[in-house]
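The values are calculated or read from the model by the stated rules, or taken from the named source; none is laboratory data. In this text the structure is predicted, and so the values were computed from the model without any measurement. Methodologically, a virtual Cβ is constructed for each residue, glycine included, from the backbone with ideal geometry; neighbour enumeration extends over all protein chains shown.
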Amino acid sequence: DHSIHQCHQLREFIAAEFARLGLTPGGSDGTFFQSLPLQSAINPHAPGGTGRNVIATLAGSDPALRSERIVIGAHYDHLGEGMAGSLAPGEQAIHNGADDNASGVAAMLWAAERLAAGTRPARSVTFIAFTGEESGLLGSAHYVANAGADSGPMVAMINLDMVGRLGAGPLIVYGVDTAAEWNALLVPAAQRAGVAVATRGEG
């Protein structure tokens, strides 16, 4: 199946990028991969079989804070050859997901590259490319349930699902009401960067 082969190529590419940046593998047995079942009671169209999250960590610089983690995530699975929820559900055409998974993964890798090359943040940063998100948030749910006690507490998560199609409009950021700190951090940062931003409370 073309979409399964394409997902395999994508996760191998992401893992290679994590390795190139010198990030620490965060998956199972010292690898970048975390395996999970892709069956879904929520979505009967889920592909079944086994999928893999791709996980890497950049250790924080502050000895007192590095045990805490900020997670930056995106999903690399896509709608394959069309299914319920795609823009053309009746067509047998490949939906590569440039407006969805590809843009989010590209933004996540860009953030990883910038953070790995610059001044290391105080807290550790875990970068995760999730699988199974189109089938019912399977990859992210599995990660949360199986992150492991040695991973340290997760203090924030930035989800890069779809990035783009802004045109002349502002950058729209969803979910800012999920923590009191987001507005206080986001608005000044956008002003410093010269980026017009519009916030939305819910995710």
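Taking the stretch 176-199 as the range and being of a type in the set (A, V, I, L, M, F, W, C), in a helix (DSSP H, G or I) and touching a residue at least 24 places away in the same chain (Cβ under 8 Å) as the test, only 176 passes.
Taking the residues in the stretch 147-169 that are surrounded by 13 or more Cβ atoms within 10 Å (Cβ to Cβ) and in a loop (DSSP other than H, G, I, E, B) as candidates, determine which candidate is modelled with the highest pLDDT. Reasoning before the result, please.
To start, the set of residues in the stretch 147-169 that are surrounded by 13 or more Cβ atoms within 10 Å (Cβ to Cβ) comprises 147, 151-152, 154-164.
From what's left, in a loop (DSSP other than H, G, I, E, B): 147, 152, 160-164.
Working: 147: 77, 152: 79, 160: 90, 161: 82, 162: 78, 163: 79, 164: 70.
Top of the filtered list is 160.
If I filter the stretch 8-31 for residues that are surrounded by fewer than 21 Cβ atoms within 10 Å (Cβ to Cβ), modelled with pLDDT under 80 and outside any loop (DSSP other than H, G, I, E, B), do I get at least one hit? Yes.
Any chance the stretch 170-184 includes a residue that's more than 24 Å from residue 126 (Cα to Cα) and either in contact with a Lys or Arg (Cβ under 6 Å, 6 or more places away or on another chain) or loosely packed, with under 14 Cβ neighbours inside 10 Å (or both)? Yes.
Each row is one residue, and each column tells you yes or no for (1) more than 19 Å from residue 15 (Cα to Cα); (2) at pLDDT 65 or above; (3) touching a helix residue (DSSP H, G or I) at 6+ places or on another chain (Cβ under 8 Å).
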{"residue": "38", "(1), (2), (3)": "yes, yes, yes"}
{"residue": "42", "(1), (2), (3)": "yes, yes, no"}
{"residue": "52", "(1), (2), (3)": "no, yes, yes"}
{"residue": "55", "(1), (2), (3)": "no, yes, yes"}
{"residue": "69", "(1), (2), (3)": "yes, yes, yes"}
{"residue": "74", "(1), (2), (3)": "no, yes, yes"}
{"residue": "82", "(1), (2), (3)": "yes, no, no"}
{"residue": "108", "(1), (2), (3)": "no, yes, no"}
{"residue": "112", "(1), (2), (3)": "no, yes, yes"}
